[in-house]
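S.K.: This structure is in structure tokens; I'll ask about it shortly.
Computed from the coordinates by the stated procedures, all read-outs in this text should not be read as laboratory data. Just so it is clear, the structure is predicted and the values come from calculations on it, not from any experiment. Here the Cβ positions follow ideal geometry from the backbone for every residue, glycine too, while neighbour counts run over all protein chains shown.
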Amino acid sequence: MKAAQLLVIALFGALLVYGTSDLPHRGRADNRMHAEVSMSGTPVAGNYYIRNAYRDAKTPNMVTVILGDYRGVDTLGEEVVILTAGLITILVLRRRRDT
Amino acid sequence: MRSPMHSPIVLYGARFLSPYIMLFGLYVIMHGHYSPGGGFQGGALLAASVLLMRLAAGQEVARLQFKDVWAMPLAVLGIAIYFGAGLVGVIAGGYFLDYAHLPLPGVEPAKLRYYGLLIIEVGIGMAVMAILVMIYDNMTLGEDTDE
């Protein structure tokens, strides 16, 4: 059993190494993720963010602008999810006084 | 906690570290415009400083730093700050969460977005800190009082 587990882990690791050997090199200009037009022919949103984030919000940290301004409703939803998790702990984890 | 270590070294170490972690959390929230960070990360750091005292000193002493009944109002207030910043934009004639319509006279729209981002980061930080503390408090409620 132990040998079978080790064999599965070794095979899976070999599969991952084989998969990474075909990845594009990091930082090369003609990578797919650096293209201005996506495979379906639509403009990529990341280019707009990179070009206009500082002009729109005068904030050097592009990630903050995307999270808080361009995708603000998404972040509001994340916060409501966290609040819901906190409320659930009141219902589930808090001990009743009569037990 | 169920089996607290009554160790003065742990207690004084936590008392020494907790204010610095809290200060670093405030820095991460306020400096999120210029460096990696923001409301979520800073809120987690603030919660870490509170939970360190909770773990080291037990609930009774740690309540002197942050009462457990404050967590729920603080979380709701954080969400309300975020939602209110969006709603003010709607009332002032823009879209929801469009900070360029915040009613601050004499500030250009790009700078208004800057301040809007700062407001919502503070709201996120308050909510995340309060909710993390609230989860810990609800998990350990009543476990250290019956000693």
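S.K.: Could you give the nm distance between label points at residue B:24 and residue A:93, where each point is 7 Å from its Cα heading toward the beta carbon?
M.R.: Computed distance between label sites residue B:24 and residue A:93 equals 2.4 nm.
S.K.: So, one more: Taking just the alpha carbons, could you work out the radius of gyration and Dmax for the range B:8-139, both in angstroms?
M.R.: My reading of the Cα-based Rg and Dmax gives 17.1, 58 Å.
S.K.: Take residue B:15, project a point 7 Å from its Cα along the Cβ direction, then tell me which residues of the range B:47-61 have their backbone nitrogen under 17 Å from it.
M.R.: B:50-61, by backbone N distance to the label point.
S.K.: Taking each pair of different alpha-carbon atoms in the range B:1-61 once, compute 1/r for the pair, average those values, and report the inverse of that mean as the Kirkwood hydrodynamic radius in Å to one decimal.
M.R.: Details: mean 1/r = 0.0816 Å⁻¹.
Evaluated on the range B:1-61, it is 12.3 Å.
S.K.: For a quick check, take a GNM of chain B with Cα springs below 10 Å and name the residue from B:135, B:119, B:29 with the largest mean-square fluctuation.
M.R.: Looking only at B:135, B:119, B:29, the biggest GNM fluctuation is shown by B:135.
S.K.: So what is the relative contact order of the range B:2-147, in percent, for Cα pairs below 8 Å that sit 6 or more residues apart? Provide the component values of the computation, followed by the final result.
M.R.: Numbers: 195 pairs, mean separation 41.7, N = 146.
Result for the range B:2-147 is 29 percent.
S.K.: Name the most mobile residue of A:89, A:42, A:75, meaning the one with the largest mean-square fluctuation, in a Gaussian network model of chain A with Cα contacts below 10 Å.
M.R.: Fluctuation is largest for A:89.
S.K.: I've got another one for you. Just tell me which lysines come within less than 24 Å, Cα to Cα, of residue A:58; anything on the same chain fewer than 8 places away is out.
M.R.: Within reach: B:111.
S.K.: While we're looking at this one, here's another question. So what's Rg/Rh here for chain A, counting alpha carbon atoms and using the Kirkwood radius for Rh?
M.R.: For chain A, the value is 1.22.
S.K.: Could I get the Rg over Rh figure for the protein assembly as shown? Both from C-alpha atoms, Rh via Kirkwood, rounded to two places.
M.R.: Ratio of gyration radius to Kirkwood radius for the protein assembly as shown: 1.09.
S.K.: Another question about this same structure. Determine the calculated [θ] at 222 nm for the protein assembly as shown from helices alone, applying -39500 (n - 2.57) to every DSSP H run no shorter than 4 residues and normalising by the residue count; nearest 500 deg cm²/dmol.
M.R.: The per-residue figure over the protein assembly as shown is -21500 deg cm²/dmol.
S.K.: In whole Å, what is the distance between the alpha-carbon centres of the range A:51-84 and the range B:34-76?
M.R.: One Cα centre to the other: 24 Å.
S.K.: Using unit Cβ charges (K, R positive; D, E negative) and no other charged atoms, how large, in debye to the nearest 20, is the dipole of chain A about its Cα centre?
M.R.: Values: 12 positive and 9 negative charges, 88 e Å.
So the magnitude is around 420 debye.
S.K.: Using a Förster radius of 51 Å, what is the FRET efficiency between residue B:70 and residue A:34 based on their Cβ-Cβ separation? Nearest 0.05, please.
M.R.: Efficiency at R0 = 51 Å is approximately 0.60.
S.K.: Add +1 for every Lys or Arg and -1 for every Asp or Glu among the other residues with Cβ under 15 Å from the Cβ of residue A:56, and state the total.
M.R.: Combined, the nearby Lys, Arg, Asp and Glu give +3.
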